[in-house]
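For reference, the structure is listed below as structure tokens.
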Amino acid sequence: VHEPWAPALRHAVEILEPERRRRRHRAADEIAGLLCDCLTMTRSATIDSEEMKPALTAKLTTALKDAAREYERRTRRVIQEIYQHGSVELEERGTGILADDVFSEDTFNLFGLSGTQLLLTGAASGAVAGSGLDLLVGGASLGLAATIGAVVGGAGVLFGADRLAKITVLGAPLGGKELRVGPISNRNFPWVMLGRAVLHHRLIAERNHARRERLEMDARSGEHLGDDIDVSQRRRIERAFASLRTDREVDPAVRSDLVREIESLLAESPGPRP
């Protein structure tokens, strides 16, 4: 840097840094909202007979997945607007990782935690308890009782209607029964959503405002990027996820903790550069 320019450049950085922090905080708040919505949403319908249950369960599960996809699209649009890239169009390149469906096996393999880390993170955070837990990770379902069981299925099992979310039949107020699907109970799902959001933020936050062409998205090769997150931070985030899965309403304190952890991830933004 030309020495006479240094003071002016340092002053510019001092002015811009608070704005960067403000935008990062707003983005973290949006991502936390996305996770809160996705981990607490349900879909329901009246069920008149037991014969209706399979078809209605599949229909409600599809609606639940579609809602998650729309929440993600909405969050991406807002974050692009935060960084004044509202008109940027996303284009897949190479792996096209952010263009892949959030519920695809490849997406879970890349953005979710590995089976080992999902188990260890949940156990250490207190999120894994009891003998009825079913951890669904990266194309395999790991049934857990007192010890880790064997692999019992592939992508078809992972994303089957009976494996993605809780299914409950309730008595309706005016008689009859109500079939409810949700919240999404797959323990790797929020890690997938979080990983995709962090990568999207990086691509947007580091984009040069002088470039208005379509955004090309690329990602490094590898699997289970979530494993790269610091162990202690993963445990804190998992505790927040566990609370969201079990509480009927979002605890403001839990949401605040989640925003803080996400903001820390966005500041580090591990992963590929566009």
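No value in this document is a laboratory result; all are computed from the given coordinates. The structure presented is a predicted model; accordingly, all values stated were derived computationally and were not measured. Note that we place each Cβ from the backbone using ideal geometry, even for glycine, and neighbour counts take in every protein chain shown.
If r is the Cβ-Cβ distance from Glu206 to Ala6 and R0 is 22 Å, what FRET efficiency results, to the nearest 0.05? Calculated value: 0.40. Highest mean packing first, where packing is the average number of other Cβ atoms within 10 Å per residue, the peptides 164-170, 16-22, 51-57, 225-231 line up as 225-231, 164-170, 51-57, 16-22. To the nearest 0.05, what FRET efficiency results for Arg236 and Ala58 with a Förster distance of 41 Å applied to their C-beta separation? After rounding, the FRET efficiency stands at 0.70. Each peptide in 251-264, 181-194, 32-45 gets a packing score, the mean of other Cβ atoms within 10 Å over its residues, and the list from highest to lowest is 181-194, 32-45, 251-264.
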